[in-house]
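> I'd like to ask some things about the structure below.
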Amino acid sequence: ETGVTQTPRHLVMGMTNKKSLKCEQHLGHNAMYWYKQSAKKPLELMFVYSLEERVENNSVPSRFSPECPNSSHLFLHLHTLQPEDSALYLCASSQDFSGSTQYFGPGTRLTVL
Amino acid sequence: AQSVAQPEDQVNVAEGNPLTVKCTYSVSGNPYLFWYVQYPNRGLQFLLKYITGDNLVKGSYGFEAEFNKSQTSFHLKKPSALVSDSALYFCHSSYKLIFGSGTRLLVRP
């Protein structure tokens, strides 16, 4: 619907698992973002990539590892997560980094047991 | 510190009445202000933006916002609220990639 897709839509994982979230944008944008949305902090910026280079890393724990292999794809690799990491993870893209409208995917609802 | 503030966690309004969702900013330079809306189980959707020019900007679904530099505000408004406007609204400064804390709008029939 918005040109930004995320898979999976729902994910349940144990604290010792390793999983990955995938985001794909079909809009020809140059910048991509990962956000965490939870009840405690409605919208936290995690990572920003511009032209496949990471330009922002917002003090995110190392158990979250982003990867941007090309301008259309963005991954978030997860390992040894904690229950407090349970949240909605949103991906977004924009034409340029800073100053542009962001287009969001529907999110991945993550539950860590 | 640079920030975007939404002072109200929730706004309640009756259908047909005007609504206002407040946003103030503390950003150096041009803040590039946006409003986004989030419906349940969905990602955020763009409503409107102010980059430069006319201080009154019109957006989707009949919403508008006024950029007020002297009051450092960018309040979202709609003349007549609909029940379907009930959602979570976020103010955003794209220059500094800062989102406000969100305001839940509840429009009662």
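The values are calculated or read from the model by the stated rules, or taken from the named source; none is laboratory data. Everything quoted here is computed from the prediction, not taken from an experiment. Positions of Cβ are generated from backbone atoms using ideal geometry, with glycine treated the same way; all protein chains shown enter the neighbour counts. What goes into the accessible areas is simple: the full protein's heavy atoms, side chains included, and nothing from ligands, DNA or RNA. Shrake-Rupley method; radii C 1.70, N 1.55, O 1.52, S 1.80 Å.
> Hey, can you tell me all the residues within segment B:21-38 that are open to solvent by less than 50 Å² (accessible area, probe 1.4 Å) and either outside any strand (DSSP E or B) or farther than 28 Å from A:Phe97 by Cβ (or both)?
Result: B:Cys23, B:Val27, B:Pro31.
> Sticking with this structure for a sec: Output the strands (runs of 3 or more DSSP E) that fall wholly within segment B:56-109 and possess 2 or more residues being within 14 Å of chain A (Cβ to nearest Cβ), or say none. First the steps, then the outcome.
Values: elements: B:56-58, B:64-68, B:73-78, B:87-93, B:103-108.
Here the list reads B:87-93, B:103-108.
> Regarding segment B:12-22, can at least one residue be identified that is over 15 Å from the mean Cα position of the chain (by Cα) and modelled with pLDDT under 95?
no
> Among the hydrophobic types (A, V, I, L, M, F, W, C), surrounded by 21 or more Cβ atoms within 10 Å (Cβ to Cβ) and without any contact (Cβ under 8 Å) to a residue 40 or more places away in the chain: which single residue out of A:Phe47, A:Phe64 fits that description? Reasoning before the result, please.
Numbers: A:Phe64 fails: surrounded by 21 or more Cβ atoms within 10 Å (Cβ to Cβ).
After ruling out the rest, the residue left standing is A:Phe47.
> I would also like to ask the following. What's the number of the only condition in (1) loosely packed, with under 14 Cβ neighbours inside 10 Å; (2) under 30 Å from B:Tyr50 (Cβ atoms); (3) in contact (Cβ under 8 Å) with a residue 40 or more places away in the chain that A:Lys40 fails to meet?
(3)
> Here's a follow-up. Residues of segment A:73-108 being among the β-branched types (Val, Ile, Thr), out of contact with any Leu (no Cβ under 6 Å at 6 or more places or on another chain) and within 11 Å of chain B (Cβ to nearest Cβ), which ones? Working first, answer last.
Filtering segment A:73-108 for residues among the β-branched types (Val, Ile, Thr) gives A:80, A:101, A:108.
Right, trim to out of contact with any Leu (no Cβ under 6 Å at 6 or more places or on another chain) and you get A:80, A:101.
Within segment A:73-108, A:Thr101 is the sole residue that qualifies.
> Checking the structure you have, find out if any residue of segment B:82-98 is of a type in the set (S, T, N, Q), within 16 Å of A:Leu43 (Cα to Cα) and modelled with pLDDT under 95. I'd like the intermediate steps shown before the answer.
Taking segment B:82-98 first, the residues of a type in the set (S, T, N, Q) are B:84, B:86, B:93-94.
Among the residues that remain, those that are also within 16 Å of A:Leu43 (Cα to Cα) are: B:93-94.
From the residues that got through so far, the ones that are modelled with pLDDT under 95 too are B:93-94.
Yes, the conditions are met somewhere in segment B:82-98.
> Could I ask something else about it? Step by step: first the residues of segment A:67-92, then only those that are in contact (Cβ under 8 Å) with a residue 12 or more places away in the chain and more than 15 Å from A:Lys36 (Cα to Cα), then the one that is surrounded by the fewest Cβ atoms within 10 Å (Cβ to Cβ). Which residue is that?
Among those residues, the one meeting the criterion is A:Asn70.
> Count, please, the residues in segment B:41-55 that happen to be away from chain A (no Cβ under 11 Å) and either out of contact with any strand residue (DSSP E or B) (no Cβ under 6 Å at 6 or more places or on another chain) or hydrophobic (A, V, I, L, M, F, W, C) (or both). Step through it out loud before you land on a result.
So the first thing to find is which residues in segment B:41-55 are away from chain A (no Cβ under 11 Å), and the list is B:50, B:53-55.
Restricting the remaining residues to those that are either out of contact with any strand residue (DSSP E or B) (no Cβ under 6 Å at 6 or more places or on another chain) or hydrophobic (A, V, I, L, M, F, W, C) (or both) gives B:53-54.
Here the count works out to 2.
> Let me ask you something else. Scan segment B:69-81 for residues that are over 13 Å from the mean Cα position of the chain (by Cα) and either acidic (Asp, Glu) or open to solvent by less than 80 Å² (accessible area, probe 1.4 Å) (or both) and jot them down. I'd like the intermediate steps shown before the answer.
Here is the first cut: in segment B:69-81, the residues over 13 Å from the mean Cα position of the chain (by Cα) are B:69-72, B:79-81.
Hits for segment B:69-81 are B:Thr72, B:Ser80, B:Ala81.
> Okay, moving on. Just name the residue that is nearest to the chain's Cα centre (by Cα) out of those in segment A:29-64 that are charged (D, E, K, R) and under 22 Å from B:Phe90 (Cα atoms). Outline the logic, then answer.
If we filter segment A:29-64 for residues that are charged (D, E, K, R), which is where we start, we get A:36, A:40-41, A:44, A:52-54, A:56, A:63.
Those left that are additionally under 22 Å from B:Phe90 (Cα atoms): A:36, A:40-41, A:44, A:56.
Numbers: A:Lys36: 7, A:Lys40: 18, A:Lys41: 16, A:Glu44: 11, A:Glu56: 13 Å.
Across segment A:29-64, the extreme among qualifying residues is A:Lys36.
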